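A quick write-up on the structure given underneath.
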Amino acid sequence: MNSNYFDQKKNEFLAHIYSANYRDAEDLYKGLAKITFDTREFSELDQKAINQLQQAARRFRTQLAKASPGDFMSTYEKIRKRLAGAVRQETKNVRLVEYDQWAHKIGLTDELTRIMFKTIATLQMSVGCSISCRRCNEWALPGPRKHFSFDAVTRLISKIFSSGNKEFILYCASDPLDWKCGEKDIVDIIRFMAQNGYKPRYGLLTKIPRGSYDVVRRLLALGADIGFSITDKNRLRAERIKNETGAKIEVQHDFDDLLIAAGLDENFTSIKSSITDSYGTEITPEGAFFILPTFTSALYPTGQCRLSVTQDLKFFLKKKTGRDALPVQYFKPLEVVDLDGNEFILDDLMNAQVANILLDNGSDLLTPPGMMNLREYFKTYEHEATMRRKGLLPVIAKGFIKDILLDEEHKEVSTRERYRHFRRMVYDYSRTCRISDVQSLKINAFSFFLKSISKYLKNHPAEAEIVRFLRREDRQRATIGYKELESLSGPFDELIRNRETEIFELFQLLMFKLMEDPDNEQIRRLIMDYPADASDIL
Ligand code: SF4
């Protein structure tokens, strides 16, 4: 799995700006201009990252121009022209990508590709989007410039369905109605799926590109599951189609503009929620990528982390979409699928998850409805929650009896093995009902998260600087608590155990301490005194 070079440069550029090292920012920016000129072709991810970098440069132009007035604007213009040239070139010569070409690029064996298909959450059929929403959380490239061929799309769809996966969408940083291959359009793909009995769980969602009336009418005539995502820009178009066809079309969003101030409205100073709530793999005409939801911020401006799938991968992320994604606790190690197709849980957090923890300020505004945030998670260690679990013990035990001891589905499991498993489950649950055990688990949770945070901050200096900047106001607000902590001489375990302590607030304070010094001696001692991994927490 690789992250993107330009993405890394975007982080370093922002880190220089946030720490007021405008000279270093300028040097980096100039170096980047040279690289963009020496680069013959940019991937979709390259272009998104460069667009983000340019947007950041615009946002902080006053500061950058002060350091070097003439140079900054000329570097900005150089990069802008280079990118504009690439866009013109690509959108004029729209390319088709064949299945074999795509598979060769990823370089996985057929067997691994088959396992990967089970984990597909998104099949993005095109690169580029004709709509160009100002607030595109995907930072979609302007104008379609690459499509999977009809043969490639239908082969991919067949293979994904054959793997037992029908929970994926056909778009991401693209609109499905933009897809074209010669005379064929999205209607041919929907017809192909209907003819082959492929019934996807999710329908098409479109912003109705200009000139797509005819396509929409034909989709409706086919009875396709289609929804409109409405903004001020396409409201009239949507009304006209509804009036003309009399069709009942599901309408989503329906705001003046897209709600998250992303894309060209990204200010690189705030943390926002994301439109992404899926985990799994995304396929585009340019490759395959692991996707994890993140907050929308300077660190991950698309509200998700994308890691290229390469031959040296060790696992695939287990697919979690829609309702299945809601119970995912983003701050816990993820479920993955190994290269033999077996599921297991990672030992550690992925970098994007640690970044999420660092950016989670506990506000409900940041978390998608139904998903647990860190503040809620820490409530599960409180006295009341422990007592509630205790009250539920008989019901839970009855459930274990039904699911484990009386399980009819797995008759091959011996009685002895069932009882062993049953006892283990009851024991584990009982631990979560005893105050003293929960106190220990709570200290373990602090140790586990703080260890991951310390490691991340030490190994990712640019990202650490970005996090420090994005949480600057929260850190300032926490000064009073911070001072109290400074005056504490002993280890933090007593404070964590204390029932009066606001757990989430204390966690934030310790996290802020690590932002100042990832090797903070007192926290290091806590981590060493209470070594914990993910299985030692609630
Ligand atoms: S929000 Fe959707 S329709 Fe709008 S530009 Fe982005 S990908 Fe295209």
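Could you work out the local net charge near T367, counting Lys and Arg as +1, Asp and Glu as -1, over the other residues with Cβ closer than 12 Å to its Cβ?
Net of charged neighbours comes to -2.
What aspartates and glutamates sit close enough to K118 to cross-link, taking a C-alpha to C-alpha distance under 16 Å and skipping anything fewer than 8 places away on the same chain?
Correct list for K118: D110, E167, E282, D324, E335, D338, D340, E343.
Can you give me the distance in nm between label points at N267 and A84, each placed 7 Å from the Cα along the Cα-to-Cβ direction?
For N267 paired with A84, the spin-label model returns 2.8 nm.
Below 11 angstrom from the Cβ of N234, what's the summed charge of the other residues (Lys, Arg +1; Asp, Glu -1)?
Working: positive: K207, R210, K233, R235, R237, R240; negative: D175, D232, E239, D254.
Result for the local shell: +2.
K411: which lysines have alpha carbons under 17 Å from its alpha carbon, excluding same-chain residues fewer than 8 sequence positions away?
K402
Restricting to DSSP H runs of at least four residues, report the calculated mean residue ellipticity at 222 nm for the chain, -39500 (n - 2.57) per run over all residues, nearest 500 deg cm²/dmol.
Estimated from H runs of four or more residues: -15000 deg cm²/dmol.
What does the C-alpha gyration tensor say about the overall shape of the stretch 435-536? Classify as rounded when a/c is under 1.5, otherwise prolate if a/b is larger than b/c, or oblate.
In terms of gyration-tensor shape, oblate.
Sorting R524, R306 by accessible area (1.4 Å probe), largest first, what list results?
Working: R524 100, R306 30 Å².
Ranked from most to least accessible, the order is R524, R306.
Determine, for each peptide in 380-393, 111-124, the mean count of other beta carbons within 10 angstrom over its residues, then list the peptides with the highest first.
The peptides rank, most packed first, as 111-124, 380-393.
By a straight-distance test (C-alpha under 12 Å), which aspartates and glutamates pair with K105 as possible cross-link partners, with residues fewer than eight away in the same chain excluded?
Within the straight-line cut-off, K105 pairs with E286.
Compute the distance in nm between two label points, each set 7 Å from the Cα along the Cα-to-Cβ direction, one at E516 and one at K233.
A separation of 4.6 nm, rounded to one decimal place.
Enter the accessible area per residue of the stretch 1-93 (Å², integer; probe 1.4 Å; all protein chains in place). All intermediate terms of the calculation are to be shown ahead of the outcome.
Working: 4600 Å² over 93 residues.
I get 49 Å² per residue for the stretch 1-93.
For the stretch 408-447, what is the accessible area per residue in Å² when the probe is 1.4 Å?
Each residue of the stretch 408-447 exposes 65 Å² on average to a 1.4 Å probe.
For the stretch 499-515, just list the computed ³J(HN,Hα) in residue order, Karplus coefficients 6.51, -1.76 and 1.60, θ = phi - 60°, integers in Hz, with x standing in for Gly and Pro.
5, 6, 5, 6, 5, 5, 5, 5, 4, 4, 4, 5, 5, 5, 4, 5, 4
On the protein heavy atoms, probe 1.4 angstrom, tell me the percent of accessible surface of the chain carried by carbon and sulfur.
Carbon and sulfur: 51 percent of the exposed surface of the chain.
Where does each of 414-420, 316-322, 362-368 land if you order them by average Cβ count within 10 Å, highest first?
Output ranking for 414-420, 316-322, 362-368: 316-322, 362-368, 414-420.
Spelling out what I want: for every residue of the stretch 526-537, take phi, set θ = phi - 60°, compute 6.51 cos²θ - 1.76 cosθ + 1.60 (Karplus), and round to whole Hz; glycine and proline get x.
Ordered by residue, 3J(HN,Hα) equals 4, 5, 6, 6, 10, x, 8, 10, 5, 6, 9, 10 Hz.
List the residues, sorted by chain then number, that are 5 or more residues from L205 or on another chain and whose placed amide H is less than 5 Å from its amide H.
The list, which skips near neighbours in sequence, is G227.
Which of K207/K242; K332/K390; K48/K332; K10/K207 have a Cα-Cα distance over 18 Å?
Beyond 18 Å: K332/K390; K48/K332; K10/K207.
Structure shown: which of K81/K233; K199/K248; K320/K451; K318/K455; K30/K66; K30/K78 lie over 18 Å apart, alpha-carbon to alpha-carbon?
Among K81/K233; K199/K248; K320/K451; K318/K455; K30/K66; K30/K78, the Cα-Cα distance tops 18 Å for K81/K233; K199/K248; K320/K451; K318/K455.
Check T296: other-chain or 5+ apart residues with amide H under 5 Å from its amide H, H built from backbone geometry?
Sorted by chain and number, the residues that satisfy this are K272, S273, S274.
Summing Lys, Arg as +1 and Asp, Glu as -1, what charge do residues with Cβ under 12 Å from the Cβ of I190 carry, I190 excluded?
+1
In terms of solvent-accessible area of protein heavy atoms at a 1.4 angstrom probe, what is the ranking of C172, C433, highest value first?
C172, C433
Go through the stretch 327-342 residue by residue and turn each phi into a ³J(HN,Hα) via Karplus (6.51, -1.76, 1.60, θ = phi - 60°); whole Hz please, and just put x for glycine and proline.
x, 5, 8, 4, 8, 10, x, 8, 7, 9, 10, 7, 6, 9, x, 8
The values are calculated or read from the model by the stated rules, or taken from the named source; none is laboratory data. Since the structure is predicted, the reported quantities are computational estimates derived from the model, not experimental observations. Note that we place each Cβ from the backbone using ideal geometry, even for glycine, and neighbour counts take in every protein chain shown. Please note that ligands, DNA and RNA were not included when accessible areas were found on the heavy atoms of the full protein model with its side chains. Shrake-Rupley method; radii C 1.70, N 1.55, O 1.52, S 1.80 Å.
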